[in-house]
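Before any comments, here is the structure.
The values are calculated or read from the model by the stated rules, or taken from the named source; none is laboratory data. Values in this document were obtained by computation on a predicted structure and should not be read as measured data. Glycine also receives a Cβ, built like all others from the backbone with ideal geometry; neighbour counts cover every protein chain displayed.
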Amino acid sequence: MKNFFNGKLSGKSTAAIICFCLAAVAALGIFSYNKATEELAGELTGVKDSTSQTETEAMTEPAAEANIPAENVPMEPSEPAAAEETMILEQDAFGMESAASPEAEPASGSFTGAAVRPVNGDILSNYSGGELVKSKTLSVWKTHDGIDIAAETGSAVKSAASGVVTSVTDDPLMGVTVVIDHGSGYEGYYCNLAYDVPVSEGDTVSAGTVIGEVGSTAEAEISEEPHLHFGVKKNGSWTDPADMLSGEGS
């Protein structure tokens, strides 16, 4: 051995030593690489397992909540009453009528009694109710199917109640006459009017609407003081106009 180290190495021996050293270095490198690869793989596996566990927990928690019995799940209370109140307030803001609004006037055809007198004055002749009375103008006994209300010629004559004008005629005995359907079977006869009449057949009138003036066109009562002859029929038969004017005919 002493001769071996003290002597010169041959070329083949030197090459063999070099190859042995290179092989040892290569083996050490491969071993280190494999060791590092295993450690890295272990770390990646741990991260993947942790991530999978987290995802599994995230997916499992909602499912657990979904299994809560329905009676234990808190529900938001509905508020229909509040919504209804809001709607009412909005309607009021836009001027909608409330339940406390005054009732509308009765529709045409519904008689609720006279609101005004056709003219203001004393009763000159009353309704005879089928009894015969002597006419001052004709000097005969006959029924007086209305009342005569004293009023100066030219005085405004008003509709006693709302209704619809059914005719405007010039009767040979009772003169210019306006007939108004006041509803519920009541008809008002406004006689002895002047010729100038401001209403026509088919007109709708209200209580107090001026329908003419007191005239002197009733030949059957020309001897009487200036007046309005006012008659009322109920369901086609004469009735006492005083009842209508007092509200008793409603």
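List of remarks:
- When the criteria are applied in full, Leu173 fails the requirement of being of a type outside the set (S, T, N, Q) and closer than 14 Å to Ala160 by Cβ.
- Among the residues listed as Tyr195, Tyr186, the single one being among the aromatic types (Phe, Trp, Tyr) and under 46 Å from the mean Cα position of the chain (by Cα): Tyr186
Residue-wise test of (1) at negative phi; (2) part of a loop (DSSP other than H, G, I, E, B); (3) without any contact (Cβ under 8 Å) to a residue 24 or more places away in the chain.
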position: Val116; (1), (2), (3): yes, yes, no
position: Asn120; (1), (2), (3): yes, yes, no
position: Ser128; (1), (2), (3): yes, yes, yes
position: Lys142; (1), (2), (3): yes, no, yes
position: Val164; (1), (2), (3): yes, no, no
position: Thr177; (1), (2), (3): yes, no, yes
position: His182; (1), (2), (3): yes, no, no
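- Residues being surrounded by 14 or more Cβ atoms within 10 Å (Cβ to Cβ), assigned to a loop (DSSP other than H, G, I, E, B) and out of contact with any Pro (no Cβ under 8 Å at 6 or more places or on another chain) - total across segment 207-224: 7
Listed here are the residues, each with its yes/no results for (1) outside any strand (DSSP E or B); (2) modelled with pLDDT of 95 or more; (3) crowded, with 21+ Cβ neighbours inside 10 Å; (4) among the basic types (Lys, Arg).
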| residue | (1), (2), (3), (4) |
| --- | --- |
| Ala160 | yes, yes, yes, no |
| Thr169 | no, yes, no, no |
| Gly188 | no, yes, yes, no |
| Glu201 | yes, yes, no, no |
| Ala242 | yes, no, no, no |
| Ser250 | yes, no, no, no |
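- A Cβ distance below 6 Å, combined with a sequence gap of six or more or placement on separate chains, defines the contacts here; from segment 203-221, residues that are closer than 18 Å to Ile147 by Cα reach no residue that is surrounded by fewer than 19 Cβ atoms within 10 Å (Cβ to Cβ) and aromatic (Phe, Trp, Tyr).
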